[in-house]
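First the structure, in the form of structure tokens, and then the observations on it.
The values are calculated or read from the model by the stated rules, or taken from the named source; none is laboratory data. Quick caveat: nothing in here was measured; it's all calculated off a predicted structure. Quick reminder, even Gly has a Cβ in these numbers, built from the backbone with ideal geometry, and neighbours come from all protein chains shown.
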């Protein structure tokens, strides 16, 4: 028969870890979406003038996240900044998400036909009104599936914060496994947690998408 | 009154409009015909400042369109334009499409804007499609919605840039009917069109564009019925 040393306390510990993962993801996506939307519009509207911005974002996209976590975490100790590893975690993840989100938003904005903007302007809408009421909502419809993928990717990448000492879902699983030594079962449970959260996000996303594509 | 004086327009090295002069009086319907690349659509875009010009001047009721201090957003409220592509705002219902500019630009209240929008949508025969998203409409219906959207701003002038060129043949008639209705109501209109028969029927004057200049301008009976220039004769032969 199947038996395990996994206790109900361990399960609570896993849930706590999963909660940290969710918090990290939510904060990182908030930062990533706000700046990604802003930068995406800038990149689409001023492709030449914003090349320096593209270069900086490219650095954050290209350097492995693990290195970014460790670098910022060490840097803040050297400089003497009093911020927690958790803050380092969501800031680094947020900047990384912003770099990726910029490209997603840029693609969405460029997918809005120029003639649609002309039509809006010809009705007397100002450039800002056109951006807020026409371009942004239509770009959002195009960008949304990519944004949802980004959120799922960020959630999985958040496991890397374990390297700067944050106890999130993957780390809790490792600690439990160290004690009871049932890797197959423990990591299966941890994987299941990730799956359930992803599944819930996708479901919410699909619903939102149906509402966005209202036709 | 729209006064177009010796207008030149280039895209890079390519000069598309090469010195066009014409006036359009209040209440007049003027059609512009001509082959593709003759500069007729470009001229239309210059009239409400969607395109810049290199030389000459365009005045709408005395306001210099291409002067530095001109508030184009304000000017455009008075000049409706309907494009070849109907450019429906796909994220808004038919009613919201038409309400948007009155709300944002004219600052009407929701109920005022709705009253204006409903009136114009009934006008173009879409009174039963208010809550529908444009994706559910045919091309002809979307184009009529675009006309209602422009009319909701109560413009003094309506410009039509090949408004039926992208439509399936069986849908052209309903859009032309709407345009004919406007002409009969006394709207001042400039039509860039390939529908020669329609132009002949509704226009007070017809201008034939060729290689960026007006080759012939006059009454429909003159220009379409009895053209004088060989280029006009050849063009009409190729489209009729």
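Residue-by-condition table, conditions (1) modelled with pLDDT of 90 or more; (2) within 14 Å of chain B (Cβ to nearest Cβ); (3) surrounded by fewer than 22 Cβ atoms within 10 Å (Cβ to Cβ); (4) under 30 Å from residue B:52 (Cα atoms):
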{"residue": "A:124", "(1), (2), (3), (4)": "yes, yes, no, yes"}
{"residue": "A:130", "(1), (2), (3), (4)": "yes, yes, yes, yes"}
{"residue": "A:136", "(1), (2), (3), (4)": "yes, yes, yes, yes"}
{"residue": "A:144", "(1), (2), (3), (4)": "yes, yes, yes, no"}
{"residue": "A:149", "(1), (2), (3), (4)": "yes, no, yes, no"}
{"residue": "A:155", "(1), (2), (3), (4)": "yes, no, no, no"}
{"residue": "A:161", "(1), (2), (3), (4)": "no, no, no, no"}
{"residue": "A:165", "(1), (2), (3), (4)": "no, no, yes, no"}
{"residue": "A:179", "(1), (2), (3), (4)": "no, no, yes, no"}
| Filter result for residue A:105 (in a helix (DSSP H, G or I) and either crowded, with 24+ Cβ neighbours inside 10 Å or at pLDDT 95 or above (or both)) | yes
| Which one of these is part of a helix (DSSP H, G or I) and over 21 Å from the mean Cα position of the chain (by Cα): A:148, A:125, A:118, A:136? | A:118
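I'd like to check which strands (runs of 3 or more DSSP E) are fully inside region B:28-129 and have at least 2 residues that are crowded, with 20+ Cβ neighbours inside 10 Å, away from chain A (no Cβ under 11 Å) and modelled with pLDDT of 90 or more.
Hits in region B:28-129: B:29-34, B:55-60.
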| note | Filter region A:21-54 for residues that are in contact with a helix residue (DSSP H, G or I) (Cβ under 7 Å, 6 or more places away or on another chain) and closer than 18 Å to residue A:162 by Cα; the one that is surrounded by the most Cβ atoms within 10 Å (Cβ to Cβ) is A:28
| query | Looking at region B:182-195, which of its residues are touching a helix residue (DSSP H, G or I) at 6+ places or on another chain (Cβ under 8 Å) and surrounded by fewer than 18 Cβ atoms within 10 Å (Cβ to Cβ)? | reply | B:194
| query | Do the conditions hold for residue A:205, that is, is it in contact (Cβ under 8 Å) with a residue 24 or more places away in the chain, in contact with a helix residue (DSSP H, G or I) (Cβ under 6 Å, 6 or more places away or on another chain) and on the phi > 0 side of the Ramachandran plot? | reply | no
| note | residue B:166 meets each of (1) surrounded by fewer than 19 Cβ atoms within 10 Å (Cβ to Cβ); (2) more than 14 Å from chain A (Cβ to nearest Cβ) with one exception, condition (2)
| Can you tell me which of A:99, A:119 is modelled with pLDDT of 90 or more and closer than 20 Å to residue A:32 by Cβ? | A:99
| With (1) within 16 Å of the chain's Cα centre (by Cα); (2) buried (at least 20 other Cβ atoms within 10 Å of the Cβ); (3) outside any helix (DSSP H, G or I) as the list, and residue B:147 as the residue in question, which single condition is left unmet? | (3)
| With (1) within 27 Å of residue A:132 (Cα to Cα); (2) away from every other protein chain (no Cβ under 13 Å) as the list, and residue B:140 as the residue in question, which single condition is left unmet? | (1)
